[in-house]
1. Within segment 132-176, report the chymotrypsin sites (Phe, Trp or Tyr not before Pro) that DSSP leaves as loop and that have at most 16 other Cβ atoms within 10 Å.
2. In terms of the ratio Rg/(2.2 N^0.38 Å) built on C-alpha atoms, what value belongs to segment 89-176?
3. Strictly over 19 Å apart at the Cα level, which of Lys86/Lys167; Lys99/Lys165; Lys14/Lys137; Lys99/Lys167; Lys90/Lys165; Lys41/Lys143 would you flag in this model?
4. For Leu146 and Lys118 in the same chain, what is the full-extension length gain: residue separation times 0.36 nm, less their Cα-Cα distance, in nm?
5. Modelled label-to-label distance, Val95 and Tyr166, 7 Å Cα→beta-carbon offset: nm?
6. Please rank Thr114, Thr172, fewest neighbouring Cβ atoms within 10 Å first, as an exposure proxy.
Amino acid sequence: MSESNILGVGSRVKHPAYGDGVVIKLDVAAYEVCFILYGIKHVGKTYDQWEVVEAIPMSEVASFTEAERSLERILKTWMGVTEEVKLGDKWNNGVMVLKPEDASMKEKEIPIDTFFHKIVMVRDRIRVMEQRINSSKLTDEEKVNLQQYITRIYGSLTTFNVLFKYKEDSFTGEKK
């Protein structure tokens, strides 16, 4: 393999057995690739059975900051890793109380930040599901149908927008 054909760190690939992955290191004869479902595997540089989704040119020297930025972008794209989402200031140290109608039953108190964290996790998992649908082998019509369900799910979650500190972090449903 010529040096011009060698994938650089950050290149995205789709392996027939391991699925989606990202080149994280170059060894003498192999790539070190982090696969979403299978972790880190070594794949020979001459291997040609995978699909190169995005080739990043090999650079002579990559700074730690460049590698860090590349890994951050990869994780956001492939694994749903998200930025920190802030709880609105007025909810800090707040408690949510679930009170049953039956007075003989005990109330349940949940710290609002714990509840908020769970809502954000639901949002993150829906985003990962969207990415997986979009990269799947479904037909365009099937993808659109599933995307409509996801949009409705986001719409159902708009009730919780009151908890977000920043409007751009909140849920949006169907636009009329």
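Just so it is clear, none of the values below were taken in a lab; they were calculated from the coordinates. As the structure is a computational prediction, the values presented were derived from the model and not from experiment. A quick note on method: Cβ atoms are made from the backbone with ideal geometry, for glycine too, and the neighbour counts reach across all protein chains shown.
1. The qualifying sites are Tyr166.
2. 1.40
3. Working: Lys86/Lys167 10 Å; Lys99/Lys165 26 Å; Lys14/Lys137 13 Å; Lys99/Lys167 29 Å; Lys90/Lys165 9 Å; Lys41/Lys143 31 Å.
Long pairs (Cα-Cα over 19 Å): Lys99/Lys165; Lys99/Lys167; Lys41/Lys143.
4. This chain segment gains 7.8 nm when fully extended.
5. 3.1
6. Thr114, Thr172
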